1. Could you grab the pairs with beta carbons closer than 6 Å, sequence gap of 6+ or different chains, first residue in the stretch A:1-24 and under 16 Å from A:Y35 (Cα atoms) and near DNA strand C (Cβ under 9 Å from one of its atoms), second one of a type outside the set (D, E) and open to solvent by 70 Å² or more (accessible area, probe 1.4 Å)?
2. Would you mind finding the one in A:Q41, A:Q50, A:Q23 that is in contact with a helix residue (DSSP H, G or I) (Cβ under 6 Å, 6 or more places away or on another chain) and among the polar types (S, T, N, Q)?
3. Looking at the structure I just gave you, is A:H48 within 16 Å of DNA strand C (Cβ to nearest atom), of a type outside the set (V, I, T) and either open to solvent by 70 Å² or more (accessible area, probe 1.4 Å) or more than 17 Å from A:Q9 (Cβ to Cβ) (or both)?
4. Away from DNA strand C (no atom under 13 Å from the Cβ), among the aliphatic types (A, V, I, L, M), in contact with a Leu (Cβ under 8 Å, 6 or more places away or on another chain) and open to solvent by less than 60 Å² (accessible area, probe 1.4 Å): does that describe A:L43?
5. Considering the stretch A:31-40 alone, what residues qualify as being more than 8 Å from DNA strand B (Cβ to nearest atom) and open to solvent by less than 70 Å² (accessible area, probe 1.4 Å)?
6. Looking for whichever is at pLDDT 95 or above and not polar (S, T, N, Q) here; the options are A:E21, A:E40. Which one fits?
7. Hey, A:I69 hits all of (1) at pLDDT 95 or above; (2) away from DNA strand C (no atom under 13 Å from the Cβ); (3) crowded, with 19+ Cβ neighbours inside 10 Å but one; which does it fall short on?
8. Out of the residues in the stretch A:46-58 meeting the condition of being touching a residue at least 40 places away in the same chain (Cβ under 8 Å) and within 11 Å of A:L25 (Cβ to Cβ), tell me which one is nearest to the chain's Cα centre (by Cα).
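The values are calculated or read from the model by the stated rules, or taken from the named source; none is laboratory data. These numbers were taken from a predicted model, which means no experiment stands behind them. Here the Cβ positions follow ideal geometry from the backbone for every residue, glycine too, while neighbour counts run over all protein chains shown. Side chains included, ligands, DNA and RNA excluded: accessible areas come from the protein's heavy atoms. Shrake-Rupley method; radii C 1.70, N 1.55, O 1.52, S 1.80 Å.
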Amino acid sequence: MRISELARQAGTTPRALRYYEEQGLLRPARLASGYRHYDEQALRTVRHIQLLLSAGLSTAAIAEILPCIPDDTTVLAPTCPELLDALGEEHARITRAVEGLLAARTILERLMRG
DNA sequence: GTTCTCACA
DNA sequence: TGTGAGCA
């Protein structure tokens, strides 16, 4: 399928798909016309990308994690043990971010109480 | 009509 | 990431 079709099925925009490619997250084939060509697998990959982005991961981190996710799975399988360290860092980063937000919320609550 | 690349305030 | 230009 072409870029607009994949974008439609994935609920995103062609712009975003080109960006993913630029970041090394997708490698669509090229038609003689120069148009990008995506297979059905691309849709699953895009969904994985969106899931990881929603988890707050950087495109760089996603580029490393993506190849460790089986093509046909919705769940993130621990196929690459060596990746656990990197994921642990992301987890720690998110934990720090959450703590920061909780602190910010506490300050706002105090301000609102007057 | 659709996609491509490149550039931008 | 959006938008527009200028092509093919």
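1. A:P14/A:S4
2. Values: A:Q41 fails: in contact with a helix residue (DSSP H, G or I) (Cβ under 6 Å, 6 or more places away or on another chain); A:Q50 fails: in contact with a helix residue (DSSP H, G or I) (Cβ under 6 Å, 6 or more places away or on another chain).
Step by step, each of A:Q41, A:Q50, A:Q23 is checked, and only A:Q23 is in contact with a helix residue (DSSP H, G or I) (Cβ under 6 Å, 6 or more places away or on another chain) and among the polar types (S, T, N, Q).
3. On the way: within 16 Å of DNA strand C (Cβ to nearest atom): yes; of a type outside the set (V, I, T): yes; either open to solvent by 70 Å² or more (accessible area, probe 1.4 Å) or more than 17 Å from A:Q9 (Cβ to Cβ) (or both): no.
Criteria not met by A:H48.
4. Numbers: away from DNA strand C (no atom under 13 Å from the Cβ): yes; among the aliphatic types (A, V, I, L, M): yes; in contact with a Leu (Cβ under 8 Å, 6 or more places away or on another chain): yes; open to solvent by less than 60 Å² (accessible area, probe 1.4 Å): yes.
In short, yes.
5. Start the filter on the stretch A:31-40 by keeping residues that are more than 8 Å from DNA strand B (Cβ to nearest atom), which leaves A:31-32, A:37-40.
Selection gives A:L31, A:Y38.
6. Details: A:E40 fails: at pLDDT 95 or above.
After ruling out the rest, the residue left standing is A:E21.
7. Here A:I69 meets the rest and fails (1).
8. Just the residues of the stretch A:46-58 that are touching a residue at least 40 places away in the same chain (Cβ under 8 Å), to begin with: A:46, A:50, A:56.
Filter once more, keeping what is within 11 Å of A:L25 (Cβ to Cβ): A:46, A:50.
Values: A:V46: 8, A:Q50: 4 Å.
Checking each candidate, the answer is A:Q50.
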